[in-house]
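One structure below.
The values are calculated or read from the model by the stated rules, or taken from the named source; none is laboratory data. The model shown is predicted, which means the values in this text are computed figures rather than measured ones. Here Cβ is always computed from backbone atoms with ideal geometry, including for glycine, and neighbour counts include all displayed protein chains. SASA here: full protein model, heavy atoms, side chains in, ligands and nucleic acids out. Shrake-Rupley method; radii C 1.70, N 1.55, O 1.52, S 1.80 Å.
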Amino acid sequence: MSGRKQIYVDEAEWNRLRAQAGDLAQVNRDLPGLLNRIREQTEQSAQRAVDEMSRRQAGFESAVADLSQDVRESEQRSDQRLRASTHEIMTRLRDQGATVRAENAAGLRAQREVFERALADERTERQARFAAVDAEVADLQTDSARAAELTATYLADARILRAQAAAYPHERLCPGRLAGLDAERADLIGTLNGGIAAGFLLGPARALTRQLSELRSELAILDAQWRACRLAAEGGLVQLRELICGNATIDSAATFGVDTTKALDVDHWSNGMLAQLDTEVAQLLAKVRDDAEPMSTEALEALVESVIPALDRRLDDTVEAAVVAVRASQLRANLAELIAEALDDEHQYQVLGAEDTGYVEADQRRAFLARTVNQVTGGEVIIEIIPNVEIARAPVIEIHSFDGEAAEEERQARITSIHDSVHDRTGIDLRSTTVAAVPDRTRRDVAKLVKTPGTKSLG
């Protein structure tokens with residue numbers, strides 16, 4: 001004889017019901033005031049980026065006046081190109097940060113192409129300008145006095161351009177480049193101080209100036225690109241946090257067609273998935289905003305193009321998991337009711353009172369219990385609908401029979417009645433197996449287990 005049987009719910013039919021519940025889960029992305037809140041939270045970073053670029057621009061304009069005429073004109077033309085390449089994007093990020101949101105992954109890739117094209121164009125034009133001047137300088141090699149004068153001029157220009165390059169986070173953007181040029185400059189000065197004629201150093205001095213000019217322009221573009229990526233990542237993460245906050249509860253009326261006095265908490269029903277997601281997003285946002293250890297451009301691009309979209313999909317999955325869990329909870333209660341009705345109709349086992357049904361510890365995420373009693377024989381059958389560890393999978397049904405010396409045939413007849421009744425009314429197929437010769441006595445006192453009698457799920 002068996003006092004405890006376990007019934008398995010057909011996964012295919014359960015999956016159909018779960019899929020129906022999943023279809024009800026929709027992340028609300030059209031939150032009132034969303035764009036304004038994103039703009040408010042990113043405006044400070046956007047304005048700081050623009051202010052910093054403006055300060056560097058003012059410093060450059062002041063310093064360029066001390067450059068020699070050829071180098072000054074070259075740098076001014078370069079600067080005009082750089083500003084044209086970066087101004088539009090940075091202005092859009094400042095004024096429309098919420099809608100641009102660093103543009104999304106496709107937009108960020110387009111920005112990267114703009115910066116890379118600007119860098120290539122600037123390098124090509126600078127090389128052409130320096131080549132033209134180099135041709136003129138080559139004719140001065142025989143004029144030692146003029147060559148010495150130009151060497152001193154180029155070394156002075158190099159010092160000014162070096163200071164402008166040093167104003168950028170050069171080790172992060174172009175690691176080792178400035179240190180290498182500093183070493184070259186020190187060698188030139190050391191050679192000059194060693195007594196060699198300055199005219200012989202004209203070529204190296206000219207090359208040093210050109211390389212420092214290239215480095216300064218490259219740093220300007222890379223810095224603007226980094227700031228654009230940072231604002232993009234910040235905007236995307238801020239938006240995601242706002243969406244997490246705005247989807248913290250389930251609208252039961254819109255989702256299930258049932259009005260409830262208390263909103264259904266997504267984090268509760270997803271077993272903490274929403275809080276975990278929010279924590280990860282908050283940590284990433286703090287990392288993006290960290291000035292002490294700034295993220296690289298590549299890491300920021302990866303955030304925008306891969307990480308944030310993946311986190312956004314997790315929000316979809318989390319809301320769906322919560323909706324499925326609510327629906328599964330409802331189905332467990334409904335299934336217990338169907339089984340109780342089958343026992344009542346065919347075997348005279350009845351639920352006597354509200355205290356005989358409910359969820360374990362009144363937690364609708366847990367097992368649903370129902371105690372039925374045959375008032376003629378005094379036998380009891382406890383129905384337990386146990387949720388699967390994996391929210392989306394079918395539950396397990398356990399039937400605990402406290403019916404003394406009842407024949408196994410009678411118990412099997414009850415299982416058959418349960419199977420037929422549930423299948424006829426829902427299409428769900430049940431399969432049973434014996435798991436113990438005696439029932440689980442810890443499940444007998446249903447009123448104690450459920451604590452709050454008659455707790456019902458939605459519907």
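Working ranking of peptides 304-317, 372-385 by packing, defined as the average number of other Cβ atoms within 10 Å per residue, highest first, is 372-385, 304-317. If you roll a 1.4 Å probe over region 262-316 with all protein chains in place, what percent of the accessible area is carbon or sulfur? Solvent-exposed carbon and sulfur of region 262-316 make up 52 percent of the total.
Suppose the Debye formula is applied to equal point scatterers at every Cα of region 252-353; what is log10 I(q)/I(0) at q = 0.12, 0.17, 0.18, 0.19 Å⁻¹? So the normalised log intensities are -0.63, -0.90, -0.94, -0.98.
Rounded to the nearest Å, what's the spacing between the alpha carbon centres of region 143-171 and region 359-384? Just the number, please. Centre-to-centre (Cα) distance: 88 Å.
Taken over region 293-371, the ratio of Cα radius of gyration to 2.2 N^0.38 Å equals 1.97.
Peptides 212-223, 393-404 ordered by packing proxy, namely the average of other Cβ atoms within 10 Å per residue, highest first: 212-223, 393-404.
Using a probe of 1.4 angstrom and keeping all protein chains present, the accessible surface of region 304-443 works out to 43 square angstrom per residue.
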